[in-house]
């Protein structure tokens, strides 16, 4: 009887371990969800070139984390390829992202979230 209980526990742990990666969001899913997250006012652009969480709702923080990781990797590549400081690339990207942000989507201005006019 004890053996069967052990087998049940091991099986449950294996099922859980195998299901966790399936529950995790990947970059492609985050990119697909970004437009909706911005439209809902959950995510906004920051002057430092990265996304920020305006209002955390469900997967918002994970969307921001995954996209910011990808952005950082690209900014590092651009900085290295062009002999620039990472911070300069981040600032340039931030300005461009804010310029391209749609009206009524959030941007960070002087440390406060505001809807872009």
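The values are calculated or read from the model by the stated rules, or taken from the named source; none is laboratory data. It should be emphasised that the depicted structure is a prediction, and the values quoted were computed from it without experimental measurement. Note that we place each Cβ from the backbone using ideal geometry, even for glycine, and neighbour counts take in every protein chain shown.
Could you list all residues from segment 57-68 that are free of Cβ contacts under 8 Å to residues at least 40 places away in the same chain and within 14 Å of residue 93 (Cβ to Cβ)?
Across segment 57-68, the qualifying residue is only 68.
Would you say residue 25 is more than 21 Å from residue 113 (Cα to Cα), modelled with pLDDT under 95 and touching a helix residue (DSSP H, G or I) at 6+ places or on another chain (Cβ under 8 Å)? It is true that residue 25 is more than 21 Å from residue 113 (Cα to Cα), modelled with pLDDT under 95 and touching a helix residue (DSSP H, G or I) at 6+ places or on another chain (Cβ under 8 Å). In summary, helices (runs of 4 or more DSSP H) completely within segment 22-117 and bearing 2 or more residues that are in contact with a strand residue (DSSP E or B) (Cβ under 9 Å, 6 or more places away or on another chain) and surrounded by fewer than 19 Cβ atoms within 10 Å (Cβ to Cβ) occur at 60-82, 86-100.
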